[in-house]
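Take a look at the structure below.
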Ligand code: SF4
């Protein structure tokens, strides 16, 4: 058995979660949560931690030299450095539309990198 502590970030309340993990690596219990989303968050943090990735990409011929981007959905935490390298190598031609997919299935994660704004 292992005990881990997390802060649930699913809403601004930020409940402190105590998570008991059994010998098989499974979540055995979650306490400290004020709603079921805390349990779901703890299970994701233990089994498949993910984060929204945000950065900028270089733009050719745009009104600005860079455009902010983010992952359309949270990406696996263990892949964030690899994703950052892929995004750093990207050069995009203007114009760009907000939500435009700039990298599909980045680093084989099933996550798309999309533009966070329009750029003429
Ligand atoms: S457990 Fe529920 S109430 Fe607490 S931070 Fe998470 S989502 Fe908010």
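Quick note: the coordinates plus some simple rules give every number you see, no bench work behind them. All values reported here derive from a predicted model rather than from experimental measurement. Because the Cβ atoms are built from the backbone with ideal geometry, glycine has one as well, and the counts that use them run over all protein chains shown.
Assorted remarks:
- Hey, residue 9 away from the ligand (no atom under 16 Å from the Cβ), on the phi < 0 side of the Ramachandran plot and either exposed (fewer than 12 other Cβ atoms within 10 Å of the Cβ) or in contact (Cβ under 8 Å) with a residue 12 or more places away in the chain (or both) or not: no
- Of all residues in region 82-113, those satisfying the criterion of being in a strand (DSSP E or B) and closer than 18 Å to residue 51 by Cβ are 103, 113.
- The listed residue being farther than 30 Å from residue 120 by Cα and in contact with a helix residue (DSSP H, G or I) (Cβ under 7 Å, 6 or more places away or on another chain), out of 15, 107: 15
- Residues considered: 37, 4. Of these, the only one that is within 16 Å of the ligand (Cβ to nearest atom), farther than 29 Å from residue 117 by Cα and in contact with a strand residue (DSSP E or B) (Cβ under 6 Å, 6 or more places away or on another chain) is 4.
- Taking every residue in region 20-46 that is over 15 Å from residue 5 (Cα atoms) and pairing it with any residue that is more than 14 Å from the ligand (Cβ to nearest atom) and part of a loop (DSSP other than H, G, I, E, B), at least 6 positions away or on another chain, the pairs with Cβ-Cβ distances below 9 Å are 23/1.
- Region 45-81, subset in a helix (DSSP H, G or I) and surrounded by 15 or more Cβ atoms within 10 Å (Cβ to Cβ), residue nearest to the ligand (Cβ to nearest atom): 45
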